[in-house]
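Step one of this worksheet: look at the structure below.
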Amino acid sequence: MNVLGKYKSVVSARSTDKEILKASQDGGIVTSLFAYALEQGIIDGAVLAGPSSRPWQPQPFVATTRAELLKARGTKYNICPQISMLKEATRSYGLDKVGIVGVPCQIQATRKAQLYPIGMRDVPDKIALVVGIYCMEVFPYKGMQLIVEDHAGQKLQSVKKMEIGKGKFTVITERGNVTQLPLKVTHKYEQPGCHVCLDYVANTADVSTGSVGSPDGWSTVFVRSRIGEDVWGKAMAAGCFETKPIDQVKPGLEMVTKLATEKITKNQKTVDERAHFGVGKALRNPYI
Ligand code: SF4
């Protein structure tokens, strides 16, 4: 089973841009790559998950400057409908070269929109760079609020960072208070659709990235397509990233493979059970 999808190269990397790294979730890969692409005219804007009027509730927005890109740093772990802004980016913002970042299901939706552009007339050719982020599950906003406020005992507005890793959901406040919850506490709040999701590492992105597999403060980066290879290669040559061979870092690709296998095996079981009861078709990830 090839749970990591097709890729041309994989490295452990982090941004060399201190301003980007300061508030990024891990290695600042997405922000740095889009900042470089914007500066070089590879994209003229990007659809991202940005802040809204409610703490930790992301809303999709279009960034056309570096300053706007910086507003979207950090992982939010709840639903943000970026795809709804894709057409808007080409119409209201007049973008001809759009970047988009999303979790694997959103990257699949982007690729479907390129193949079957129903309701997306004139959009497919304008999608210039697709960046995926690893995803095990997300939470609806209410669920996130209950996790943070009821279980972790923190006000959402006081939270500086949230992390999922090493079997724990970690909440870090602005004052440096750290609360860790075992994932068995947070499971019941997960979005049910995530339980039939068969992609962990955004197999269909140009470049996909996440913290898993790399040391703290670094990210594991898969370069998957010709476009990804071109943009990543140029960004590397411009000094945007420092990298280490993936086989020289801990925990390495083995950990990415382990988590991807766990997600796909567990969710495939749910897909098959549902199909057995006549709910949906027995899907398979075509990349495996
Ligand atoms: S687990 Fe899958 S369906 Fe759920 S948000 Fe992540 S990519 Fe989307």
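Values in this text are rule-based calculations from the coordinates and carry no lab data. What you see is a predicted model; the values in this text were computed from it and never measured. Please note: Cβ atoms are built from the backbone with ideal geometry, for glycine as well, and neighbour counts cover all protein chains shown.
Below, the figures for the structure above:
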quantity	calculated
When the range 145-186 is reduced to its Cα atoms, the Kirkwood hydrodynamic radius in Å	10.0
Violating pairs (Cα-Cα greater than 27 angstrom) within the set Lys22/Lys244; Lys8/Lys97; Lys97/Lys166	Lys97/Lys166
Sorted by Cβ density within 10 Å, fewest first, the residues Leu48, Leu183, Leu33	Leu183, Leu48, Leu33
Around Leu156: net Lys/Arg minus Asp/Glu count, Cβ-Cβ under 9 Å	+1
Shape category assigned to the range 1-120 from the gyration tensor of Cα positions, a/c cut at 1.5	rounded
Overall form of the range 174-217 per C-alpha gyration tensor (a/c, 1.5; a/b vs b/c)	oblate
DSSP-defined antiparallel bridges as percent of all bridges, the chain, nearest 5	70
Relative contact order computed over the chain (Cα-Cα under 8 Å; 6+ residues apart), in percent	25
Anchor Lys188: aspartates and glutamates whose Cα lies under 18 Å away (excluding residues fewer than 8 positions away in-chain)	Glu137, Glu149, Asp150, Glu163, Glu262
Charge tally in the Cβ shell below 12 Å around Tyr77, where Lys, Arg are +1 and Asp, Glu are -1, Tyr77 excluded	-1
Kirkwood hydrodynamic radius of the chain, from inverse mean 1/r over distinct Cα pairs, in Å	19.4
